[in-house]
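The values are calculated or read from the model by the stated rules, or taken from the named source; none is laboratory data. From a predicted model like this one, the values you see are computed outputs, not experimental measurements. Note that each Cβ is placed from the backbone with ideal geometry, even for glycine, and that neighbours are counted across all protein chains shown. Just the protein is used for accessible areas: all its heavy atoms, side chains included, with ligands, DNA and RNA removed. Shrake-Rupley method; radii C 1.70, N 1.55, O 1.52, S 1.80 Å.
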Amino acid sequence: MAFSLIPDGVYPSIYQIDGKALAERGITLLLADLDNTLAKYGQPEPDPALLAWKDDLATAGVDLFLLSNSRKPKRPEHFAKALGIAFLGHAGKPKSGGFLRAMEQMGRTSAQTAMVGDQIFTDILGAKRTGVLALMVEPIELAGNPGRYLRYAVEEPFRALGRHRTRKE
């Protein structure tokens, strides 16, 4: 598949991603990163806004699926169960294997699938390599890890190009 680091769209948060708009594009599966995309690092349970957003996606015919690289083996499982969705931990993003296993598990093709995440070099690159629609959100918070500031600074030019694509929609 293609090698690209430019997201197909960039949004302030997941809450600006509309299930009806995804469904109109033929998307019926939304793979989602966990940390700094759906929830803050270490947040143990989904908050009410996230539960409502997941329900809005479902109403539009879009299934949410947690695709995480979390190094904490029980975190993705616990969070996904609390959210009532399927999941795959240790996904190995940006390698395509985790994306392909998730799509196979849910019975979807790459044309029916989108990925949303906060990182260019895992979420977006993996989505692009797998041929799924690559959506990016701004990280929920940067506090706590100085390395994150550097990584997000390096990613900024690609985010900017993705924001430009989002405005064209």
Checking Thr37 against (1) buried (at least 16 other Cβ atoms within 10 Å of the Cβ); (2) at positive phi, only one condition comes out false. Which one?
(2)
Pro7 meets each of (1) over 14 Å from the mean Cα position of the chain (by Cα); (2) in a loop (DSSP other than H, G, I, E, B); (3) farther than 21 Å from Arg101 by Cα; (4) touching a residue at least 40 places away in the same chain (Cβ under 8 Å) with one exception, condition (1)
Output yes when any residue across the stretch 117-130 is under 20 Å from Ser13 (Cα atoms), open to solvent by less than 20 Å² (accessible area, probe 1.4 Å) and of a type in the set (Asp, Glu), and no when none is.
yes
Any hit, the stretch 96-106, residues being surrounded by fewer than 22 Cβ atoms within 10 Å (Cβ to Cβ), farther than 21 Å from Asp8 by Cβ and either touching a residue at least 12 places away in the same chain (Cβ under 8 Å) or touching a Leu at 6+ places or on another chain (Cβ under 6 Å) (or both):
yes
Restricting to helices (runs of 4 or more DSSP H) lying wholly in the stretch 67-169: which have 1 or more residues that are out of contact with any strand residue (DSSP E or B) (no Cβ under 8 Å at 6 or more places or on another chain) and modelled with pLDDT of 90 or more?
74-83, 96-106, 125-130
Give me the pairs: first residue in the stretch 37-64 and modelled with pLDDT under 95, second residue open to solvent by 20 Å² or more (accessible area, probe 1.4 Å) and in a loop (DSSP other than H, G, I, E, B), beta-carbon distance under 6 Å, and six or more apart or on different chains, which are they?
Lys40/Ile140; Lys40/Glu141
Among the residues of the stretch 42-66, count how many are over 17 Å from Met106 (Cα atoms) and not in a helix (DSSP H, G or I).
6
